[in-house]
1. How much space per residue, in cubic angstrom, does the convex hull of the C-alpha atoms of the chain take up?
2. Over 24 Å between C-alpha atoms is what I'm after, so list which of 110/137; 8/110; 110/170; 8/137 land there.
3. So, with +1 on the Cβ of K and R and -1 on the Cβ of D and E, and no other charges, what is the size of the charge dipole of segment 54-142 about its Cα centre, to the nearest 20 debye?
4. Can you compute the equivalent ellipsoid semi-axes for segment 22-67, i.e. the square root of 5 times each eigenvalue of the Cα gyration tensor, sorted largest first and rounded to whole Å?
5. By a straight-distance test (C-alpha under 19 Å), which aspartates and glutamates pair with residue 134 as possible cross-link partners, with residues fewer than eight away in the same chain excluded?
6. Expressed as an acute angle from 0 to 90° and rounded to the nearest 10, what is the orientation of the C-alpha long axis of helix 81-90 relative to the principal long axis of the chain?
7. Have a look at the DSSP beta bridges in the chain and tell me what percent are antiparallel, nearest 5.
8. Give me 76, 164 ranked fewest to most by other Cβ atoms within 10 Å of their Cβ, as a rough exposure proxy.
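A short reminder: the numbers here are calculations on the coordinates, not readings from a lab. Note that the coordinates shown come from a computational prediction; the quantities given were computed from them, not determined experimentally. Positions of Cβ are generated from backbone atoms using ideal geometry, with glycine treated the same way; all protein chains shown enter the neighbour counts.
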Amino acid sequence: MRSEDNSKGIINVDLDGVIYDFDEALRVWLRRRGYARDFPEPTTWNYWEQWGMTAGEWMAQFRTAVEADFMWRQGDPIEGAVNGMWKLSDAGFFIRIVTHRLVHPFGHQKAVESTVEWLGKESIPYSSIAFLGKEGKENYEGIALIDDNFINAEVFGSTDDMSDGLLFDKPYNQREVTWSHRVGGWGAVTEWFGA
């Protein structure tokens, strides 16, 4: 979809796992809280199973990290994300960050404030940001969605012939793609768009 400002089009970009290194930020938090164990690279969305935690324990730690202004306010970008986002922006794309950071029943104000502060601190360019609860990202028109969630990328890619779902390659999303395209990092993303 072309935006009204004559840019090359709208690219929707997920935040956690694509721009923000959610996994590593949570590892750092857990270590600071006294967890002395390995936290392997997750191969499933149910991190807690591989991290030796119950779902309730994982969620309690995550919630505490959000409420303590750690998650989403501290942490590092995914390798290549800052440079990649600037390349897309400089090439004339309208970048809309589309994130499910409001899907949890807590910390909405902190999620919004922490996210905007972190993006500014890291000098990550974007034209718009959409904070979602449980609604689908396919509701946000654009020429592409870059996401690490297999279902989000597949659904977006299947909406029409003009929209590409780009699945940001991670160990936990290793399923065969049908409607989306797998990209192996930010170099592959910018190459996809010729930026």
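1. Values: hull volume 22.0 nm³, N = 195.
Here the figure is 113 Å³ per residue.
2. Values: 110/137 21 Å; 8/110 33 Å; 110/170 27 Å; 8/137 20 Å.
Pairs exceeding 24 Å: 8/110; 110/170.
3. 120
4. On the way: eigenvalues 43, 29, 21 Å².
Semi-axis lengths for segment 22-67 are 15, 12, 10 Å.
5. Leaving aside aspartates and glutamates fewer than 8 places away in the same chain, those within reach of residue 134 are 14, 16, 147, 148, 154.
6. 20
7. Numbers: 1 of 23 bridges.
DSSP beta bridges in the chain are roughly 5 percent antiparallel.
8. Details: 76 14, 164 20.
Ranked by crowding around the Cβ, least crowded first: 76, 164.
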